Structure formats: structure tokens, C-alpha cells
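Worksheet: one structure, shown below.
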Amino acid sequence: MTYDSELVSEVFGNLSVDKSRLPANISAIAPKFVTEWLVDKLVPGRGKLTLAEQEKVNEFVQKAFPRKDDANIINFHIHKGEVYKLIALMQVRVKVDNAGNKIHDPVARIPSLKMEKCQISNDLIESNTMLLRQGVWGKISLARGLEDAIEVIDFDPFQCSSINLTEYAKARSQFTSEQWRDLMLCSMGCNPEHPSYTPQAKTWMLARLLPLVEQNYHMMELAPKGTGKSYIYENINSKVSLISGGKVTPAQLFINGSTKEVGLLGRHDVVILDEAQSLVFTNPEEVIGSLKTYLASNKYNRSGFADISSDCSLVLLANIELDSNLRPRNEHNLLADLPPFLSETAFLDRFAGISPGWEIPKFQRAMVACQVGLKMDFFGEVLLAIRQDNRYMSYVHEHIQFDEKVNIRDQTAVYKSASGFLKILYPHLELTLSDFESDCLKPALQMRQAIRTIMYNLDDEFRQSGKEIIAEVK
């Protein structure tokens with residue numbers, strides 16, 4: 001089937017973008033949801049950029065996107081009384097002193113420049129409250145403030161306008177199931193016409209979106225190196241945070257006991273722990289204990305604070321080795337070569353499923369999207385918006401029948417995964433039971449079955465209810 005870019009343009013208009021227009025040299029400067037927006041504003045159109053358009057984009061990027069070592073240059077211009085404008089991610093933090101007696105004035109921070117204490121007015125914060133959570137990408141105007149401090153005097157956010165899920169569902173009705181599946185893949189930045197993206201591979205590519213469309217959806221993806229596991233999470237939305245390997249602290253994830261700052265799980269909609277095979281927790285007992293509590297109850301506490309509730313999804317990405325048949329080398333225990341805490345059944349049981357990333361092809365240059373897809377900023381916002389809609393969970397509860405031996409946690413996990421696939425593939429809720437079984441229930445069962453199989457092999461307790469999770473549509 002040939003991808004229909006004209007149909008996408010006709011249905012979605014300025015919410016779509018020609019993915020071939022994104023120059024490779026700016027992809028490392030900012031996430032795609034920023035650079036797509038930028039290119040479409042500077043040089044709107046279709047087809048690959050002309051030399052003149054490339055020069056215009058490059059000239060703007062050199063001026064607007066600061067390098068990490070530009071902080072002194074920016075400080076110099078501001079000291080001379082100039083207003084300096086740049087494009088970057090900005091966050092605002094409100095610090096409480098150690099005794100808890102004084103709340104200091106809010107300060108803005110620009111992580112890319114390691115600027116931590118910029119003055120900012122309450123008016124700007126109230127107009128952009130997301131600055132207090134994940135932070136927002138946008139055009140920042142800096143000037144000399146009180147006592148020679150740097151002050152943010154203006155901020156123009158890069159963010160999608162309000163999302164209309166009703167119109168989004170109506171748009172879905174104008175596509176066949178295969179056309180829509182390919183549109184989702186293209187919007188993620190991948191070429192759906194590449195022969196290596198088989199229907200099965202496409203399913204597991206789309207599974208990467210499940211944590212965005214479902215609240216408190218916790219999953220793992222295991223795959224060899226080079227399949228692009230973290231790509232979509234790095235590029236889709238500032239409400240998604242990725243930690244890549246190395247040490248992870250309780251303060252980073254939960255709450256900082258000294259600054260009273262809420263951690264990543266309380267500020268973001270999705271948190272990804274990448275390179276999980278090399279994760280090291282400082283104070284591992286505290287981290288794992290708090291994680292188990294959070295995964296089970298959607299709440300956590302630390303350092304004497306009251307419970308913090310969150311709907312954040314947690315994703316673990318890890319590399320595993322494959323055999324000569326491109327199957328997991330330890331297929332009987334997929335977690336055998338990963339940190340021991342992942343194999344603790346009380347921890348593992350709290351995840352909805354494991355996505356078989358080994359069934360996704362290794363990424364090649366020809367797999368980059370070159371068709372018209374949804375703009376990444378709109379795509380990310382609509383996926384996160386649909387997680388609030390309960391109609392999809394009602395549908396799966398109505399149309400899945402479990403065997404009486406299937407326990408509640410297995411049922412809940414399958415419900416959530418099936419609901420997620422339903423939101424991604426059939427947001428208009430117009431489908432047959434056969435569609436639901438093949439596109440939603442079947443992959444949901446496969447993901448949870450991977451969890452159950454590991455627990456069945458590791459712990460006698462989990463053998464009482466059998467190895468197979470049996471369910472059918474009704």
C-alpha cells in the first residue's frame with residue numbers, strides 16, 4: 001500500500017508537516033517537536049528544503065540556539081544593557097529553606113546554559129504554569145535585572161494550541177486502519193513504507209506510545225542495541241523525561257529532602273529509565289521500596305513529606321543479547337542479564353508488560369520518515385490528552401472475557417494495554433470485535449504473558465494460577 005501524504009495534508013492541514021523537510025544538522029540541537037515547529041514557521045511548504053531555505057534555517061539556528069559554552073558571551077551582552085533572545089528549555093523552581101520557614105522568590109533556570117538563578121516575574125509564570133513542572137521550550141528574552149542579576153523579561157512558548165479530541169476522532173474516520181497505523185508511525189519519525197517495518201514490527205513500534213496514552217502505565221522494552229528505543233521519548237514532548245543510564249538518586253525520582261523540590265515522577269507524565277542494564281541506584285533499598293509503592297498505588301512519600309500522588313508512567317528500556325536466530329539469548333528468563341532488582345517478582349508484577357523490542361528492526365537511515373505526518377508537538381499533546389478519556393477502558397472491560405484462573409493484576413495489565421492500543425489505533429471507537437482482538441487484545445496479552453512467564457519460572461507462588469493468561473473477546 002502506498003502512503004497517502006495528500007490525504008494527511010487534506011485532513012489535518014497545518015497540524016501536519018512534511019517530515020523530509022527537517023534538516024539533519026538541527027536534530028541534535030533541540031527535540032523534534034521544537035525543530036519541526038521551527039522549520040514550518042521559517043520555511044513552510046512541502047518537499048526537501050532548497051539551498052536557500054537551508055541557509056535561512058541554519059542562519060536562524062546559529063543565532064537563536066545557544067551553545068553550551070555561550071553563557072559568558074550572553075552575560076557580556078546583557079551586562080552591556082542589551083536584550084538577548086534565544087530558544088531553549090526553561091524551568092522555574094521555588095525553593096524553601098532547609099528549616100522550612102521561608103519560601104524564596106521563584107527563579108528560572110536554563111539547563112542548556114547551566115543558568116540556575118534568573119529572575120522572572122510572577123506574571124510570566126502564571127501565563128506559563130508548565131514552567132513550574134517539566135519546563136517549556138520557547139523564545140526567551142533576557143536582560144539585566146535588579147542587582148545585576150539576569151532577568152527573564154519575556155517568554156514566548158512553543159506549544160500546540162488546545163487539543164480537540166472530537167475533531168481528532170472525526171479525522172480518524174477518514175483513514176483505513178492500515179493508513180492510520182502508518183500515519184502514527186510516520187508521525188513518530190519513521191518511514192512506514194520501509195520493507196523492514198512488517199505489520200508485527202509496526203505493532204511493537206506503536207507500543208512505545210502506550211505510556212503516553214495511559215495514566216500510570218508501567219512497561220519495559222527489551223531489545224538489542226540500535227533499534228531506536230529512546231528516540232520517540234526524547235523528541236515528542238517536554239512532559240516526557242528520559243534518564244540515560246548511570247546513577248539514579250531518590251531525590252531525582254521522588255523528592256529532594258533539602259530543597260523540597262518534587263522529583264521527576266511528580267512533575268512529568270512519563271519517565272523513562274534508559275540503559276536499564278547499567279542502572280545504579282544510590283541507596284537502592286530506598287529507591288526500589290519507594291518504586292514498588294508507587295507502581296502499586298500511584299503514590300509515594302519521602303523525607304517525612306505527605307504522600308504525593310501522580311499519574312506518571314514509568315518505562316524501563318534495556319539492551320539484551322540475541323542468538324543466531326535473532327531471538328533473546330535467555331528467552332526462558334528475559335531479565336537474566338539485567339540488574340537483580342528487576343527480577344524481584346514483587347517489583348516485576350507491577351509492570352503491565354514487556355514489549356519484545358527484538359522484533360523491531362535495527363534503525364537505518366532509510367527508515368527516517370519522508371512523508372507527511374502529524375507535527376510532533378500536536379502528536380505528543382493529543383496522545384497525552386487522550387489518556388484522560390475513560391471510554392476506552394469501558395470498551396475493553398465490556399469486550400474482554402478472562403479465564404477464571406487469571407488473577408486481578410494480570411487482568412488489570414491486559415486491560416490497560418488493550419485500552420492503550422485502542423486509543424492509538426481506533427480513537428473514534430469504530431471497529432469490529434475482530435479488529436479489537438487482533439490489534440488490541442492479542443498484543444496486550446503477549447506483553448503481559450512475558451511478565452507472567454518470568455514470574456512463573458522464578459517463583460513457585462506464581463505457578464498456582466498456571467502459566468498461560470487466557471482471554472477472549474466477548
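The values are calculated or read from the model by the stated rules, or taken from the named source; none is laboratory data. None of these values were measured; they are calculated from a predicted model. So basically every Cβ, Gly included, is an ideal-geometry build from the backbone, and we count neighbours across all protein chains shown. What goes into the accessible areas is simple: the full protein's heavy atoms, side chains included, and nothing from ligands, DNA or RNA. Shrake-Rupley method; radii C 1.70, N 1.55, O 1.52, S 1.80 Å.
Remarks
- Taking Cα atoms only, the orientation of helix 51-64 departs from the longest principal axis of the chain by about 70 degrees.
- For the chain, the solvent-accessible area with a 1.4 angstrom probe is 45 square angstrom per residue.
- Value of Rg to Rh for the stretch 187-239 (Rh from inverse mean 1/r over Cα pairs, i.e. Kirkwood): 0.95
- Anisotropy class assigned to the stretch 3-109 is oblate, per the alpha carbon gyration tensor with a/c at or over the 1.5 cut-off and a/b no larger than b/c.
- Of all accessible heavy-atom area on the stretch 411-474, the percent that carbon and sulfur account for (1.4 Å): 44
- Extreme residue, positive dipole direction of the chain, given options THR432, ALA276, ALA143 (C-beta unit charges): ALA143
- Normalised contact order of the stretch 1-99, rounded percent, pairs of Cα under 8 Å and 6 or more residues apart: 21
- Sparse-neighbour loop sites [trypsin sites (Lys or Arg not before Pro); the stretch 138-238; at most 14 other C-beta within 10 Å; DSSP]: LYS225
- Pairs over the 19 Å Cα-Cα cut-off, from the set LYS32/LYS247; LYS68/LYS260; LYS202/LYS442; LYS292/LYS423: LYS32/LYS247; LYS68/LYS260; LYS292/LYS423.
- Think of each Lys and Arg Cβ as +1 and each Asp and Glu Cβ as -1; about the Cα centre, that makes the dipole of the chain roughly 660 debye.
- 5 angstrom amide H check on ALA88, placed H, neighbours 5+ away: GLY138, ILE140
- Trypsin sites (Lys or Arg not before Pro) restricted to the stretch 403-470 and DSSP loop, no more than 13 other C-beta within 10 Å: LYS405, LYS467
- With both residues required to sit in the chain, DSSP beta bridges show an antiparallel share near 60%.
- Per DSSP, loop GluC sites (Glu not before Pro) in the stretch 370-429 with at most 13 further Cβ within 10 Å: GLU404
- If you sort the three axes of the alpha carbon gyration tensor as a ≥ b ≥ c, you get a/c of 1.5 or more for the stretch 405-457 and a/b above b/c, which makes it prolate.
- Per the Cα gyration tensor, the stretch 190-323 maps to an equivalent ellipsoid with semi-axes of 30, 16, 12 Å, ordered largest to smallest.
- Taking the protein heavy atoms of the stretch 170-329 in the context of the full set of protein chains, the accessible area attributed to carbon and sulfur is 47 percent at 1.4 Å.
- Cα radius of gyration and Dmax for the chain (Å): 23.2, 74
- Taking every C-alpha pair closer than 8 Å and separated by at least 6 residues, the mean separation divided by the residue count of the chain gives a relative contact order of 18 percent.
- Helical contribution to [θ] at 222 nm, DSSP H n ≥ 4, -39,500 (n - 2.57), averaged over the chain, rounded to 500: -10000 deg cm²/dmol
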